[in-house]
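Undergrad: The following block contains the structure, expressed as structure tokens.
The values are calculated or read from the model by the stated rules, or taken from the named source; none is laboratory data. This one's a predicted model, so the numbers in the text were calculated from it and none came from an experiment. We place every Cβ from the backbone using ideal geometry, glycine too, and count neighbours over all the protein chains shown. Areas reflect the complete protein model, heavy atoms only, side chains present, ligands, DNA and RNA absent. Shrake-Rupley method; radii C 1.70, N 1.55, O 1.52, S 1.80 Å.
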Amino acid sequence: MNFFDSAPGFSRWTIGTPDQFLLITLETSRKSLISLEFCLRSRQPSQHHFNMAKRTHNTESTELRPSKKSKSDDKHSGKKEKKEKKDKKEKKADKNGVDQVTSNTSDEQSGYSQASALTNLPQSEIDQFMEEKVVKVTDSSTESAPQLRPIISFDYLPPCDENLYAPLKAFPAPSPIQAATWPLLFAGRDVIGIAETGSGKTLGFGLPCLKKLLDSKRPRKPYHPFAVIISPTRELAMQIYDQLVKFSHLAKADVTCIFGGVGKDEQRVALRTAAIVVATPGRLKDLQNDESVDLSKVKYLVLDEADRMLDKGFEQDIKDIIQPMPVSKRQTVMFTATWPRSVQDLAATFMNSPVTVTIGGDPSADPRANLRIKQEVEVLDGREKENRLIQLLSRSQKGQNPEKVLVFCLYKKEAMRIERLIKMKGFSVAGIHGDLNQSDRFRNLEAFKSGAATVLVATDVAARGLDIPAVKLVINVTFPLTVEDYVHRIGRTGRAGAKGHAITLFTEQDKALSGGLINVLKAAKQDVPESLLKFGTTVKKKQHDAYGAFFKDIGTDKKATKITFDD
Ligand SMILES: Nc1ncnc2c1ncn2[C@@H]1O[C@H](COP(=O)(O)OP(=O)(O)OP(=O)(O)O)[C@@H](O)[C@H]1O
């Protein structure tokens, strides 16, 4: 058995040949099995790692613990800000006709060279790309920033250790959000990237992060990561980590993943050398508080699922995590598929003259669903839901090749009840929600990914970001708290250019959200049933002290349910 890779709390091992092998995921503390996957070298590299080389660390130092943060960083920030402004104005043409654009980050070497071949393309080709993909770029900077062309082919990526770009061979071309945000990110700008679910946003922020790390020649102190990527759930953090490792183990960058629900000791050890930390906010804050990590030297900060990270549930954690990273010294990046007005002002307080890039239309309008997803809404009595669910599953689970179906519930208890019901009816089902321990959550998700279970019953812990191959159908048994969450839930199908299907069971209880849902359906040119229109088309933007824009009035006859987020 050969060691493959590890994340704190987990390790992966292989048995077999480099071309055909069994990938075994173990939980380290209990030595329990999380998943078994058979891998063929010819399979899509997006699903498995192939290079068996062990990742190496690229840090060096003698200090064992992070020192308490010093306020002196702030004293010098005024001076540096002036230098940055000067730097930003510089745009030179080098000998080869390559446009040099210098970054606004303070002291890292992060100048971006637009490839000559890209510069030489006729403007009409760029205009056609922007128009066809509906790309909108809004620059909030008052200074005249250089017009950077989208990187519409991987051939136009700035030069880098060729190993970094090797896994891109799996894709035909950059996705629109990658093409439009990469030049800005390479040039050091703060960026808000808004694009439909499943459109490759992870590499949108991930590739520039890795390139900047490789370009950075400065030695790092232990426990002082270069980049932090924050995600709302543990599973999503792990998925981002997996994607980065695929690129970083070739490029020899040290990435770690930090989340709650597992022991802290291994995470502390990993933080000593990690250059890129992917984390959920609660655990990162804990480790920051006990001085297991010092974030004062972070140069690249990402909030993935940014609107979720900025809502009331996470706001204070995010503020506390960001506090030691002066805004003038870091590049701040926010990506999401939905960008409600309620979080935009708060986002601005964390950013330095950001550029907003939207793919597919106006970011301030109603949330937009992925247009390749067929959306159906069935209005029914709450008591009919379970029968209807079983009918729908019977249709999709029959035959030799049952479809992968993701069933969403709103509450943990409801998810457990629905999972039991589905199991009783003889379907192959797994569950994922906040009451399960972490190894069960990972195990059940892996079972669904691998097809060992063809139905997954989930709460909104699985609504955002998860990239599960070949989910054919999403069924909403109970409508989520917001229309944004609806867009993310159904976005688990129809990913990376594929078609998808979503069926929503809507009852009178959900009528406060009918207006928002109708707008999403209309924007995606989907049928709006008469029975849904009857509930009204007004969009109510309720705010709540605890849940902000994510609050839903569920009536007084229902007992209040505590919503918990991942730590
Ligand atoms: N340039 C590309 N061409 C084709 N597929 C790509 C490309 N870049 C990434 N992908 C693949 O697209 C899938 C979705 O990517 P990703 O998970 O980053 O989407 P996302 O936009 O972050 O979605 P969500 O909004 O749900 O978080 C992944 O399987 C990824 O490997």
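Undergrad: For the range 162-226, please list each of the helices (runs of 4 or more DSSP H) lying entirely inside it that holds at least 2 residues being surrounded by fewer than 19 Cβ atoms within 10 Å (Cβ to Cβ). Spell out how you get there, then give the answer.
TA: Working: elements: 162-165, 176-186, 201-215.
Hits in the range 162-226: 162-165, 201-215.
Undergrad: Checking Ser353 against (1) in a strand (DSSP E or B); (2) in contact with an Asp or Glu (Cβ under 7 Å, 6 or more places away or on another chain), which single condition isn't satisfied?
TA: Result: Ser353 passes all but (1).
Undergrad: Also, quick follow-up: Given the conditions (1) at pLDDT 95 or above; (2) in contact with a Phe, Trp or Tyr (Cβ under 8 Å, 6 or more places away or on another chain); (3) away from the ligand (no atom under 11 Å from the Cβ), and given that Lys212 satisfies all but one, which numbered condition is not satisfied?
TA: Looking at each condition in turn, Lys212 falls short on (1).
Undergrad: Can you name the residue in the range 494-522 that is among the hydrophobic types (A, V, I, L, M, F, W, C) and free of Cβ contacts under 8 Å to residues at least 40 places away in the same chain and, of all such residues, is farthest from the ligand (Cβ to nearest atom)? Please lay out each step first, then the result.
TA: Just the residues of the range 494-522 that are among the hydrophobic types (A, V, I, L, M, F, W, C), to begin with: 496, 498, 502-503, 505-506, 512-513, 517-518, 520-521.
With free of Cβ contacts under 8 Å to residues at least 40 places away in the same chain added as a condition, the list becomes 513, 518.
On the way: Leu513: 20, Ile518: 22 Å.
Result: Ile518.
Undergrad: Go through (1) β-branched (Val, Ile, Thr); (2) more than 30 Å from Ile418 (Cα to Cα); (3) away from the ligand (no atom under 16 Å from the Cβ) one by one and return the number of the condition Ile359 breaks.
TA: (3)
Undergrad: Look through Leu456, Leu481, Leu473 and report the one residue that is open to solvent by less than 40 Å² (accessible area, probe 1.4 Å), part of a loop (DSSP other than H, G, I, E, B) and away from the ligand (no atom under 15 Å from the Cβ).
TA: The unique qualifying residue is Leu481.
Undergrad: Related question: Considering each of Ile126, Ile152 in turn, give the residue that is in the same structural domain as Tyr300 (by the TED database), in contact with a helix residue (DSSP H, G or I) (Cβ under 7 Å, 6 or more places away or on another chain), at pLDDT 95 or above and farther than 23 Å from Ala275 by Cα. Write out each step before concluding.
TA: Details: Ile126 fails: in contact with a helix residue (DSSP H, G or I) (Cβ under 7 Å, 6 or more places away or on another chain).
Only one candidate passes the filter, namely Ile152.
Undergrad: Only one of (1) open to solvent by less than 40 Å² (accessible area, probe 1.4 Å); (2) touching a residue at least 24 places away in the same chain (Cβ under 8 Å); (3) more than 11 Å from the ligand (Cβ to nearest atom); (4) closer than 24 Å to Gly263 by Cα fails for Leu466. Which number is that?
TA: (3)
A quick yes/no check of all residues on (1) within 9 Å of the ligand (Cβ to nearest atom); (2) closer than 18 Å to Lys133 by Cβ; (3) in contact (Cβ under 8 Å) with a residue 40 or more places away in the chain; (4) among the hydroxyl-bearing types (Ser, Thr, Tyr):
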| site | (1), (2), (3), (4) |
| --- | --- |
| Phe154 | yes, yes, no, no |
| Gln178 | yes, yes, no, no |
| Ile192 | no, yes, yes, no |
| Thr197 | yes, yes, yes, yes |
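Undergrad: If you don't mind, another one. Spot the failing condition for Phe335; the list is (1) assigned by the TED database to the domain that holds Ala523; (2) within 16 Å of the ligand (Cβ to nearest atom), and only one is missed.
TA: Among (1) assigned by the TED database to the domain that holds Ala523; (2) within 16 Å of the ligand (Cβ to nearest atom), the lone unmet condition for Phe335 is (1).
Undergrad: Go through Ile359, Ile373 for me and flag whichever is open to solvent by 20 Å² or more (accessible area, probe 1.4 Å), at pLDDT 95 or above and hydrophobic (A, V, I, L, M, F, W, C). Step through it out loud before you land on a result.
TA: On the way: Ile373 fails: open to solvent by 20 Å² or more (accessible area, probe 1.4 Å).
Just one listed residue meets the conditions, Ile359.
Undergrad: How many residues are under 25 Å from Lys499 (Cα atoms) and either among the small types (Gly, Ala, Ser) or open to solvent by less than 60 Å² (accessible area, probe 1.4 Å) (or both) if we restrict to the range 524-538? Working first, answer last.
TA: Quick first cut of the range 524-538, residues under 25 Å from Lys499 (Cα atoms) only: 524-529, 532.
Then keep just the ones that are either among the small types (Gly, Ala, Ser) or open to solvent by less than 60 Å² (accessible area, probe 1.4 Å) (or both); that gives 524, 526, 528-529, 532.
Total meeting the criteria: 5.
Undergrad: Give the range 295-308 a look and list any residue that's more than 16 Å from the ligand (Cβ to nearest atom) and either open to solvent by 10 Å² or more (accessible area, probe 1.4 Å) or among the small types (Gly, Ala, Ser) (or both), or say none. Break it down into steps so the answer makes sense when it comes.
TA: Going residue by residue through the range 295-308, those that are more than 16 Å from the ligand (Cβ to nearest atom) are 295-301.
Scanning the range 295-308 gives Ser296, Lys297, Lys299.
Undergrad: Can you say whether Asp311 is in contact with a strand residue (DSSP E or B) (Cβ under 6 Å, 6 or more places away or on another chain), crowded, with 21+ Cβ neighbours inside 10 Å and in contact (Cβ under 8 Å) with a residue 60 or more places away in the chain, as far as the supplied structure shows?
TA: Here the answer is no, as Asp311 does not meet what is asked.
Undergrad: Report whether or not Gln267 is over 19 Å from the mean Cα position of the chain (by Cα) and either open to solvent by less than 20 Å² (accessible area, probe 1.4 Å) or of a type in the set (A, V, I, L, M, F, W, C) (or both). Break it down into steps so the answer makes sense when it comes.
TA: On the way: over 19 Å from the mean Cα position of the chain (by Cα): yes; either open to solvent by less than 20 Å² (accessible area, probe 1.4 Å) or of a type in the set (A, V, I, L, M, F, W, C) (or both): yes.
Spelling it out, Gln267 is indeed over 19 Å from the mean Cα position of the chain (by Cα) and either open to solvent by less than 20 Å² (accessible area, probe 1.4 Å) or of a type in the set (A, V, I, L, M, F, W, C) (or both).
Undergrad: Another one. Condition (residue is in contact with a helix residue (DSSP H, G or I) (Cβ under 7 Å, 6 or more places away or on another chain), within 16 Å of the ligand (Cβ to nearest atom) and within 29 Å of Pro367 (Cα to Cα)) applied to the range 312-330: is it met by at least one residue?
TA: Looking through the range 312-330, none of the residues is in contact with a helix residue (DSSP H, G or I) (Cβ under 7 Å, 6 or more places away or on another chain), within 16 Å of the ligand (Cβ to nearest atom) and within 29 Å of Pro367 (Cα to Cα).
Undergrad: To continue, here is another question. Condition check: among the aliphatic types (A, V, I, L, M), within 16 Å of the chain's Cα centre (by Cα) and not in a loop (DSSP other than H, G, I, E, B). Does Leu244 satisfy that?
TA: On the way: among the aliphatic types (A, V, I, L, M): yes; within 16 Å of the chain's Cα centre (by Cα): yes; not in a loop (DSSP other than H, G, I, E, B): yes.
So Leu244 passes the test.
Okay, residues lined up against (1) in contact (Cβ under 8 Å) with a residue 12 or more places away in the chain; (2) surrounded by fewer than 24 Cβ atoms within 10 Å (Cβ to Cβ):
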site	(1), (2)
Cys257	yes, no
Gly263	yes, yes
Thr280	yes, no
Asp290	no, yes
Glu315	yes, yes
Thr338	yes, no
